[in-house]
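Here, each number is a calculation from the coordinates, and none is a lab measurement. Note that the coordinates shown come from a computational prediction; the quantities given were computed from them, not determined experimentally. No Cβ is skipped: glycine too gets one built from the backbone with ideal geometry, and neighbour counts run over all protein chains shown.
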Amino acid sequence: MDDKAVAKLIAQEEKRQRNGLELIPSENYVSRGVLDALGSVFTNKYSEGYPGRRYYGGQINTDQIEQLAIDRAKALFKADHANVQPHSGAPANEAVYHAWLEPGETIMGMELSHGGHLTHGRPGTISAKLFNFVRYGIKDIETGELDYNVMQELALKTKPKIILAGFSSYPRELDYGKFQTIADEVGAVLMADMAHIAGLIAGGVLANPFDYGFHVITTTTHKTLRGPRGAMILSKGRVGNPLKEVEKTVENLPTLIDRTVFPGLQGGPHMHSIAAKAVAFYEASQPSFHEYCLQVLANAKALSEALMKSGFKLITNGTDNHMMVADIQTSFGFDGQVAEKTLDRIGLTLNKNVIPDDPLPPYRPSGVRLGTPALTTRGLREEHMILIAQWMQQALMSKDDEAKLDKLSKEVKQFASSFPLPSDL
Ligand SMILES: Cc1ncc(COP(=O)(O)O)c(C=O)c1O
């Protein structure tokens, strides 16, 4: 690369990733195959439209690569249709809302501080300005069980057009069957935002919402799915001509969604990213990915147990998936931001996070969120989780002791750098 400034920053970032331990649950390390596709000549091509129906010439290869990504995504998740064009998770959710709702109509989603994502109606977002969000939450903070009775009452009262299951900081499995019963009662479309757990569903270790009557699943492709930054929308229903107007029926959701993504929200698809999605879907269909997912869950269990033994209060006292939320304020007497900074200092990367009904503000919340997808990709196993919990506890107990933090930082670096990045292989 001629551009020395950029080359230097890429090399520095690679070193940071190699020498540290990545605990942010929404991050992962992609394979060389995904990186190669992302850096391929598909980045040069404009392909507005969909396979076989484009607004530009020269689509012989782009049509095939997009169709390959679509077919692989459908097979992985048992979907009738896949739109692989959304540039990221936020526009994917936006597209579904706009495909099905008129302004002012109601979406029922998870309380944000209980785990719901910003795109599930945080005040200030475009969706919150356009649509009416009502919320369900956790009934018992010690187990994480949702309040399905309150959810049902609220649904009967507010008649949501979409019931949204999904989260970015909730460590337990949802009871999709209960969502289905409530949605049937009020005639709502069932949407799952599986951004965090899509890989674990594809890998066959967590339940697939399509097995419980869900109509739409949105997901990012860069978290547990281990693909490029991006997203997709999977749906059940009849697949029509995406460029034609159709009636607003549940059967027509695939076409309504296609039309909303393009030309509704986006212009030309990012074909290099779609090529990389196709690679990631291929990788996720391999037996080794199932093994990877089992290890992600085993590591999360081991880490949650080790953390609780080391004095961390975990929200819901454990995890069923890849992620944990720790109440740092209760455990150590300072907030999540201080914890994030202290752990960053020794090479453990995670993020500050609100806890349910957090008394502290979101920019200085009580908790941190952490998870095991990236660590597992590096090759770490249960025994290593005990080490990580100990490093975390020691660092937070000695957060003002520079010499101690230096020592821990060296230990983490030596340990982390002995595990290759998958792009080395
Ligand atoms: C549940 C959920 N939905 C949507 C998104 C948004 O994805 P993106 O950051 O790609 O826009 C995220 C990202 O963290 C998420 O966790």
Tell me, in nm to one decimal, what length is gained between Asp424 and Asp401 on full extension, where the rule is 0.36 nm per residue of separation less the Cα-Cα distance?
4.7 nm
Over what distance in Å are the Cα centres of segment 227-302 and segment 324-390 separated?
30
Using Cα-only point scatterers and the Debye equation, what is log10 of I(q)/I(0) for the chain at each q in 0.13 Å⁻¹, rounded to two decimals?
-1.16
Contact order relative to length for segment 33-284, counting C-alpha pairs under 8 Å separated by 6 or more residues, stands in percent at 30
Counting DSSP beta bridges with both partners in the chain, what percentage is antiparallel, nearest 5?
55
Label points 7 Å out from Cα along the Cβ direction at Arg32 and Asp357: separation in nm?
5.3
If amide hydrogens are placed 1.01 Å from N in the peptide plane, which non-local residues have theirs closer than 5 Å to the one on Ala192?
Ala165, Val216, Ile217, Thr218
What does the charge count near Glu48 come to, summing +1 for each Lys or Arg and -1 for each Asp or Glu among other residues with Cβ under 15 Å from its Cβ?
+1
What does the highest-first list of 32-39, 242-249 look like by mean Cβ count within 10 Å?
32-39, 242-249
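What is the fewest-to-most order of Val205, Val279 by other Cβ atoms lying within 10 Å of their Cβ?
Val205, Val279
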Counting other beta carbons within 10 Å of each residue's own, what order do Ile138, Ile257 fall into, fewest first?
Ile138, Ile257
Taking the Cα-to-Cβ direction at Tyr46 and at Glu173 and moving 7 Å from each Cα, how far apart do the two end points lie in nm?
4.8
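Return the Rg/Rh ratio of segment 288-424 with Cα-based radii and a Kirkwood Rh.
0.96
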In nanometres, the difference between 0.36 nm per residue of separation and the alpha-carbon distance of Leu118 and Glu102 is 3.7 nm
Report the FRET efficiency, 1/(1 + (r/R0)^6), for Gln266 and Leu294, where r is their Cβ-Cβ distance and R0 is 41 Å, rounded to 0.05.
0.70
Which chymotrypsin sites (Phe, Trp or Tyr not before Pro) in segment 14-58 pass both tests, a DSSP loop state and at most 12 other beta-carbon atoms within 10 Å?
Tyr56
For Lys309, counting only aspartates and glutamates whose alpha-carbon sits under 12 Å away and dropping same-chain residues fewer than eight positions off, the answer is none
Go ahead and estimate [θ] at 222 nm for the chain from helices alone: -39,500 (n - 2.57) per DSSP H run with n ≥ 4, summed, over the residue count, rounded to 500.
-13000 deg cm²/dmol
Just need the relative contact order of segment 145-279 here, percent rounded to a whole number, with Cα pairs under 8 Å and 6+ apart.
16
Given segment 91-234, what count of lysine pairs have C-alpha atoms under 24 Å apart, with each pair 8 or more places apart or on different chains?
10
Residue among Gly240, Gly203, Gly58 with the largest mean-square fluctuation in a Gaussian network model of the chain, springs linking Cα atoms under 10 Å:
Gly58
Please find, in a Gaussian network model of the chain (springs between Cα atoms separated by less than 10 Å), the residue of Ile60, Ile274, Ile201 whose mean-square fluctuation is greatest.
Ile60
Taking the Cα atoms of segment 33-284, what is the range of coordinates along each of the three principal axes, in descending order and whole Å?
54, 36, 33
Anisotropy class of segment 364-404 from Cα gyration tensor, a/c 1.5 cut:
oblate
At a threshold of 8 angstrom on Cα-Cα distance, excluding pairs fewer than six apart, so keeping six or more, what relative contact order does the chain reach in percent?
23
If neighbour count is taken as other Cβ atoms inside 10 Å, put Arg226, Arg378, Arg53 in order from fewest to most.
Arg53, Arg378, Arg226
Given points 7 Å out from each Cα along the Cα-Cβ axis, report the Gln67 to Gln152 separation in nanometres with one decimal.
4.7
